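Novice: Structure provided below as structure tokens; questions to follow.
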Amino acid sequence: MRLYLINPSNPLVSMVRVKENRWNRYRVWKPLGLMVLAGLTPPEWEVTILDENRGVPDYSAMPRPDLVGITAFTSQANRAYEVASQFRRLGAPVVMGGIHATICVDEASERVDSVVTGEAEAVWAHVLQDARHGCLKRRYSGGFADIDNVPAARHDLLATGYACGAIQTTRGCPLNCNFCSVSTFNGLQYRQRPIPDVVQEFRLIREKQVLVVDDNLVGTRPEHLARAKDLFRAMIRADLRKKWIAQATINFADDEELMALAAKAGCRGVFIGFESPTVEGLRELGKKYYLLKGRDFRASVRRIQRHNILVVGSFIIGLDADEARIGRHIADAARRYGVDYLNVLFLTPLPGTRLWDKMKSEGRIVLNRFPEDWKYYTLTFPVARYTHLSLDEVHAEMISCDHDFYSVPRIVRRTWGNLWRWRNPLLTLAGNLSYRTNLRLAGKSYADFKCQQGRRYVN
Ligand code: B12
Ligand code: SF4
């Protein structure tokens, strides 16, 4: 039985444009969801993972599969449907899963043979059995899986061509920010995989660099932090020799022992969503956790960096609280906090979020011809109306923010600062240059987008 698992491309996502920016090689990540699915697949199935981010295969020239599984984030949905229709024309049944199919289940159901909602662990074996007997159901509901005892992802299936491996150690997030789909999709409960399973799976990853995809690796409560420390201790004992980056909330900076263990276990960078430089902005996003009194972001970032861990600061532009000059304010805040890289995204209503419900009820979603428009939901295009800024203005704010933070003198200053402190100066330089090149690509994409969408996109 032949199974193809496909990760559809979205050519608008700058980080997949490796030819135009060679640094992007370091930012094209493996589709871990499909590798997990492959790990859940019994041996009688011959599994091939096809990642369109690395090139779109000629499917019609390949042997016909017995089943095709397609994943998709929202921004990949229309390409997913194109791939699905191609395989259905070839006579192969198509099942779709992942976050977009889960949230927009009716839309997906119209375009594929079967949809798996939620996490796949509990239902994938049934799906395969039904496919084998030619009796696929229209829907399967996976819900939130018990991740206490799941097989390792098939890291051997995408063994070459990527700079980084990927692994997941926890699922779910209790913080439920209004723009984020994670709490809806993976639940509010913070679930942790058993530490021996994680360590064992790390050993299966060939790459020296690894992305830990958890939305919040260390969690928020004392018992979460204790587990994270135990995980790092186990990784140190296992002498894994991996360098990894992860996402965390700012509380990572509150525990010296935690940071020291993380660094010793191989942590080289953390991605932290600061989201807004203003209290009103944080309140609007439901980011209550960041409003804790007395939080000094600059001191927090410094404490992390003292462990030789780089900090990527992420912000959102286009909040109701954002007015003219917000771009400069964000760049100023990022500099004040002292982050090594800045990542700014447009406020985007993703389906399934509270932000989507709000903007939809207010009639503010501009790019709303679905599924075609999903390709713009990359967070790098303004797709909705903003309260104080027109679409061109919000775009101009983004450019001013990026130009300010990534100007050549500032890149030199950051690299020099890190060189002086022996803190990954080459990585700082490479990351800053990669972001800078992507700004050009993003500017070009926006210009093309304006050409194509011109009339619909009236300010
Ligand atoms: C790693 C990651 C990335 C990597 C992508 C790696 C990759 N190719 O998969 C990078 C950094 C490149 C990335 C980019 C983006 N990401 Co991202 N990313 C994540 C993150 C943190 C983890 C994903 C992951 O690996 N999970 C672990 C695996 C095991 O889980 P899974 O993929 O969900 O798979 C399970 C189920 O969904 C299901 N399943 C999945 N696929 C299939 C297919 C079939 C057939 C079946 C049966 C089941 C099934 O089974 C799996 C096992 O249970 C998630 C957050 C999250 N918690 O999901 C955000 C997340 C998916 N990203 C998000 C977004 C918005 C983006 C971007 C648009 C913007 C951005 N700048 O971040 C870009 C777009 C990329 C694109 N190509 O269009 C949103 C998506 C929301 C949405 N509605 O689509 C999320 C949920 C984060 C959020 N805060 O809301 N991302
Ligand atoms: S943005 Fe981060 S902290 Fe907020 S709900 Fe999503 S994963 Fe959790």
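The values are calculated or read from the model by the stated rules, or taken from the named source; none is laboratory data. Predicted model, so just to flag it, every value in this text is computed and none were measured. These area figures cover heavy atoms from the full protein model, side chains too; ligands, DNA and RNA do not enter into them. Shrake-Rupley method; radii C 1.70, N 1.55, O 1.52, S 1.80 Å.
Novice: Figure the gain on full extension for E372 and E256 (residue separation times 0.36 nm, minus the Cα-Cα span) and round it to one decimal in nm.
Specialist: Stretched out fully, the E372 to E256 stretch lengthens by 37.0 nm.
Novice: Counting only C-alpha contacts under 8 Å and six or more residues apart, can you give the relative contact order of the chain as a whole percent?
Specialist: Relative contact order of the chain: 13 percent.
Novice: Kindly write out, for segment 327-341 in residue order, the coupling ³J(HN,Hα) from the Karplus curve 6.51 cos²θ - 1.76 cosθ + 1.60 (θ = phi - 60°), rounded to whole Hz, with x marking Gly and Pro.
Specialist: x, 5, 4, 5, 4, 4, 4, 4, 5, 4, 5, x, 6, 7, 9
Novice: Here is a follow-up. If you find the alpha carbon centre of segment 236-258 and of segment 404-447, how far apart are they in angstrom?
Specialist: For segment 236-258 versus segment 404-447, the Cα centre distance is 24 Å.
Novice: Tell me, what ³J(HN,Hα) does each residue in segment 389-401 have, in order and in whole Hz, if you take phi through Karplus 6.51 cos²θ - 1.76 cosθ + 1.60 with θ = phi - 60° and put x for Gly and Pro?
Specialist: Whole-Hz 3J(HN,Hα) from phi for segment 389-401: 10, 6, 5, 5, 5, 5, 5, 5, 5, 4, 5, 5, 5.
Novice: Here is a further query. In square angstrom, what is the accessible area per residue of the chain with a 1.4 angstrom probe?
Specialist: 44
Novice: Kindly sort H155, H403, H329 by accessible area of their heavy atoms, largest first, with the probe set to 1.4 Å.
Specialist: H403, H329, H155
Novice: Here is a further query. May I ask you to give the percent of accessible area on the chain that is carbon plus sulfur, with a probe radius of 1.4 Å?
Specialist: 54
Novice: Return the long-range amide H neighbours of L345 (sequence gap of 5 or more, or a different chain), with a cut-off of under 5 Å between placed amide H atoms.
Specialist: F315, I316, I317
Novice: Sticking with this structure for a sec: Report the Cα centroid-to-centroid distance between segment 341-397 and segment 98-119 in angstrom, as an integer.
Specialist: The two parts, judged by their Cα centres, are 22 Å apart.
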